[in-house]
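Some notes on the structure that comes next.
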Amino acid sequence: MPAKTHAIPSDSPLRLVGTLDAPLSPWLWLVKWLLALPHMIVLVFLWIALAVLSVVALVAIVVTGRYPRAIFDFNVGVMRWSWRVGFYAYSAMGTDRYPPFTLAEVPDYPAHLDLEYPPSLSRGAALVKPLLALPHYLIVAVLAGWLRGLLMLVAGVTLLFGRPYPRPVFDLAVGIDRWVYRVVAYACLMTDAYPPFRLDGGSEDTSARGAAPDAISPKPAAGLS
């Protein structure tokens with residue numbers, strides 16, 4: 001099916017979408033930590049690679065004003081993979097479908113992440129972005145720490161008693177994840193757009209720039225696929 005391309009009012013170059021994949025197993029969430037362990041091991045090494053490549057990208061931005069496209073695509077792929085695993089496991093618990101081992105976009109999976117490639121970036125800002133994001137780190141530590149953990153506990157207990165996943169809980173959890181990944185993209189120098197101090201909850205990312213949230217189109221990613 002062709003992707004929709006109509007523009008929407010927006011201020012974020014990152015698009016994060018998570019579609020609740022009901023019905024969910026009442027008990028599977030209890031062991032998802034174990035089932036997701038192979039992904040976690042791979043992601044540790046991928047995030048180490050992302051950190052190293054971000055230093056390379058910093059040098060390139062300062063010299064040329066551009067983020068190397070191959071590194072950009074790889075880093076977006078790592079974030080995309082992480083979001084799928086988090087959506088399956090304990091960032092949102094929104095699906096029981098096991099996430100694929102790939103950096104690439106998977107159109108039929110219920111979790112998607114994409115980031116608009118910047119044609120140019122500020123050379124000076126690249127040197128201070130991780131520091132400028134400090135207020136966000138403090139907020140995200142609270143939201144993604146105790147609050148999201150509490151939300152997942154509420155969702156898990158609700159499922160355990162045979163009830164549907166509470167939609168307000170899901171929407172809030174996805175909103176927290178959206179905030180987290182916006183901050184990651186900025187701190188990793190992948191955009192000049194400062195993350196908004198705003199929790200945009202819900203499955204669809206209505207704040208994403210330039211396209212409707214269901215308009216995420218697959219792009220080739222470097223590395224594992």
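The values are calculated or read from the model by the stated rules, or taken from the named source; none is laboratory data. Being a predicted model, the structure only gives us computed values, none of them experimental. Counting neighbours? That spans all protein chains shown, and the Cβs are built from the backbone with ideal geometry, glycine included.
Taking into account only those residues within segment 8-56 that are hydroxyl-bearing (Ser, Thr, Tyr) and out of contact with any Leu (no Cβ under 8 Å at 6 or more places or on another chain), which is surrounded by the most Cβ atoms within 10 Å (Cβ to Cβ)? Here the answer is 12. From the list 196, 135, 166, the one residue that fits, being touching a residue at least 60 places away in the same chain (Cβ under 8 Å) and in contact with a Ser or Thr (Cβ under 8 Å, 6 or more places away or on another chain), is 196.
Looking at 65, 77, 94, 86, just one residue is surrounded by 14 or more Cβ atoms within 10 Å (Cβ to Cβ), at positive phi, small (Gly, Ala, Ser) and modelled with pLDDT of 95 or more, and that residue is 65.
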